[in-house]
Amino acid sequence: MAEPAPGQLGYTNLRDQALEVIRQALVSGEIRPGDIYSAAALANRLGVSSSPVREAMLTLVNQGLLEPVRNRGYRVVAMSEQDLDDVYELRQLLEVPGTLRAAANATDEDLVRLTATADEIDVAAKDGDIVRFLDADRRFHLDLLGLSGNRRLVESVAALRDQTRLYGLEKLVESGRLVDSAAEHRDILAAVADRDADRLEAIMRAHLRHVRADWADTGD
């Protein structure tokens, strides 16, 4: 797993911060199925004590993303191609109509806030900062979806996003296509601002197709 930037983990709410760093590494494919990771080793990389990291990993066990290996640590729960197809289908069924409903409630203030997050996505993509990109991308989509007013919908989509495996991100950085992906968030905001539901639906479906295809390319 790539070493976090200095100061990435402060001394407040370490468990939640560790959880986010580990989750992003899992989703981005930095932590891969088959390898065993100890809380102590990950804590050493993050520069914190083992306790918050162990708590974070146990949270991911409860979410079905990690499994404990007796006396050794934790291992990523493997996802088959069928599993990933199922996740993609569920995200299409939940996230697309949910985003359309949410967009209808978007105010000018919401658009300003979402635009600021889209700016973060752009910068992260240009810098090739995958962890920061994933964090901003997650916040963008869940913030937008939250405008639907349905907390359980947001939680369900968040859980599905966490089950996605995005092994192709490094190749997207190298090819420059991560910048193109970042630009799709601008297209989403433009469709929301124009109240163009048909265009928004088409963009969202294309965006999710990229997640399942380009982003999840293992290169095998």
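By definition, a body whose alpha carbon gyration tensor gives a ≥ b ≥ c is oblate when a/c is 1.5 or more and a/b is not larger than b/c, and region 110-175 fits this oblate description. Of the peptides 31-42, 68-79, the ranking by mean beta-carbon count within 10 Å, highest at the top, reads 31-42, 68-79. Shape annotation for region 99-220: C-alpha extents along the principal axes are 41, 26, 24 Å, from largest to smallest. Between Asp83 and Arg101, residue separation times 0.36 nm minus the direct Cα-Cα distance comes to 3.8 nm. What the Cβ-Cβ distance of Asn44 and Glu109 gives, at R0 = 41 Å and to the nearest 0.05, is a FRET efficiency of 0.45. Between Leu93 and Arg195, the distance separating the two model label sites (each 7 Å from Cα on the Cα→Cβ line) works out to 3.2 nm. When the residues Glu184, Glu67 are ordered by accessible surface, computed with a 1.4 Å probe over the protein chains alone, the sequence from largest down reads Glu67, Glu184.
What angle, in degrees between 0 and 90 and rounded to the nearest 10, separates the Cα long axis of helix 130-146 from the longest principal axis of the Cα atoms of the chain? On a 0 to 90 degree scale, this one is about 50. When a/c reaches 1.5 or more, the comparison of a/b and b/c decides; with that in mind, is region 68-119 rounded, prolate or oblate per its Cα gyration tensor? Here region 68-119 falls in the oblate category. Treating r as the C-beta distance of Val69 and Val123 and R0 as 41 Å, the FRET efficiency rounds to 0.60.
With all protein chains in place and a 1.4 Å probe, the accessible surface of the chain carries 48 percent carbon and sulfur.
Normalised size of the chain, defined as Cα radius of gyration per 2.2 N^0.38 Å with N residues, equals 1.02. Taking R0 as 41 Å, what FRET efficiency do you get between Ala213 and Asp16 from their Cβ-Cβ distance, rounded to the nearest 0.05? E(calc), rounded to 0.05, equals 0.85. Heavy atoms of the protein chains alone define the surface here; on that basis region 38-163 has 50 Å² accessible area per residue at 1.4 Å probe size. Projecting the Cα atoms of Gln163, Ala193, Ser148 onto the dipole axis of the chain, where Lys and Arg carry +1 and Asp and Glu carry -1 at the beta carbon, places Gln163 farthest toward the positive end. The magnitude of the dipole of the chain, with charges of +1 and -1 set on the Cβ of Lys/Arg and Asp/Glu and taken from the Cα centre, is near 760 debye. Given the options Thr117, Ala183, Tyr88, identify the residue whose Cα lies farthest towards the positive end of the charge dipole of the chain (+1 on Cβ of Lys, Arg; -1 on Cβ of Asp, Glu). Farthest towards the positive pole: Tyr88.
Extension gain, Arg152-Glu55: 0.36 nm per intervening residue step, less the Cα-Cα distance, totals 32.5 nm.
The values are calculated or read from the model by the stated rules, or taken from the named source; none is laboratory data. This structure is a prediction, so every number in the text was calculated from the model and none was measured. Counting neighbours? That spans all protein chains shown, and the Cβs are built from the backbone with ideal geometry, glycine included. Please note that ligands, DNA and RNA were not included when accessible areas were found on the heavy atoms of the full protein model with its side chains. Shrake-Rupley method; radii C 1.70, N 1.55, O 1.52, S 1.80 Å.
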